[in-house]
Amino acid sequence: MKRIRVLACGALLAIATLVTAPTAALADGATHEVFSIAGDVFVCPDATYTVQSGTIRSVLQEVQSQSGNRMFTVTETPQHVVMVDQQGATYTMRGAIWFGGVTIDNTGAELITATHNLEIIARRGGVADSIRLVERIRNGEFISHEFGSCLP
């Protein structure tokens, strides 16, 4: 769970820097990245899940409009994530994390939003636990709402 929170906060800070970056830093097309989450631990009220294998696939798209506004979107999805709880029961993960934002250069306004909707799925089906988090930075003000069964 700490990794999701670190990812969320780190990504929001990195993205805030990204949308205020010089124009030359903005790339054409999407950037794709895959990273392992094996060994990560998700602590929930009724269970602790340890990731045995799997990755997160991240896709970043950045653009700048002719007027100078900068926009981006990042989507992260779990890929073949296998987890076990403290009794050895096996689970998978599905869902997505999405970040998006914009800066409006002629007003200086900025808006960054992140949504996390991840589900831990029991072997026989059904949601065992969930991570649901919505975050927003608007002109420097940070708002966060957590409402899943597992809190990051």
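If you wrap the tightest convex hull around every Cα atom of the range 74-116 and split its volume per residue, you get 62 Å³.
From most to least packed by mean Cβ count within 10 Å, the peptides 75-87, 36-48 give 75-87, 36-48. Karplus-derived 3J(HN,Hα) values for the range 123-130, using 6.51 cos²θ - 1.76 cosθ + 1.60 with θ = phi - 60°, are 4, 8, x, x, 7, 7, 7, 8 Hz; glycine and proline are entered as x.
Hey, for a label at PHE35 modelled as a point 7 Å past Cα toward Cβ, could you say which residues of the range 72-94 have their backbone N under 20 Å away? Once the point is set 7 Å along Cα→Cβ of PHE35, 72-83, 93-94 turn out to lie under 20 Å by backbone N, inside the range 72-94. Counting neighbouring Cβ atoms within 10 Å and putting the fewest first, the residues LEU60, LEU111, LEU133 line up as LEU111, LEU60, LEU133. Close amide-amide hydrogen proximity is noted between GLY148 and ARG132, each under 5 Å apart and 5 or more residues distant or on a separate chain (H modeled in the peptide plane; Pro and chain starts excluded).
Every number in this text was worked out from the coordinates using simple rules, so none of it is lab data. None of the values given here were measured: they were computed from a predicted structure. Glycine also receives a Cβ, built like all others from the backbone with ideal geometry; neighbour counts cover every protein chain displayed.
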